[in-house]
Amino acid sequence: MSLAETKRHTTPLVEITQKGDVLLIKPIGPSVGQREAPIIQDEAQPFIDDLGSDLKHIVLDLTTVSFMSSMGLGMCISFRNNAVAVKADAILFGLSADLHSLMSMMKIEKLYKIAKDQQHLDKLIG
């Protein structure tokens, strides 16, 4: 990661951290559903737009999330599509066993790199 300035934006539903070319989007759980997903996307979009092609990694940190509706899954796909549009990596981090099963069943985990732990995440964004 670059030694660039870190920008943070926190709302009741999401914590967004930008450090250099890495954008970390951390929904504040326990659930990402019909109400939360579009708000989280709207909060993150200005950071994605601002970084543009300088964005190298979008990390979706789901450590506090235990439930995700179809709208939440759509949000995951949208963030992955944003990453692909600027040739950035899309990384899932902090998946619970239940969420990992859901992502596998819906084939969403194939769209992302999955960081198993903090060390693995650091290696992926290093």
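Cα axis of helix 70-85 to longest principal axis of the chain: angle in degrees, 0 to 90, nearest 10? Between the helix axis and the principal axis of the chain, the angle is about 30 degrees.
Could you give the dipole magnitude of the chain about its Cα centre, charging the beta-carbon of Lys and Arg +1 and that of Asp and Glu -1, in debye to the nearest 20?
The dipole magnitude comes to about 320 debye.
A helix-only calculation puts the chain at -12000 deg cm²/dmol for mean residue ellipticity at 222 nm, using -39500 (n - 2.57) for each DSSP H run of at least four residues, averaged over all residues. Rounded, prolate or oblate for region 6-125? Axes are the square roots of the Cα gyration tensor eigenvalues, ordered a ≥ b ≥ c, and the cut-off for rounded is a/c under 1.5. Verdict is rounded for region 6-125.
A short reminder: the numbers here are calculations on the coordinates, not readings from a lab. Remember, it's a predicted structure, so these values are computed and weren't measured experimentally. Cβ sites come from the backbone with ideal geometry, for glycine too, and all protein chains shown count toward neighbours.
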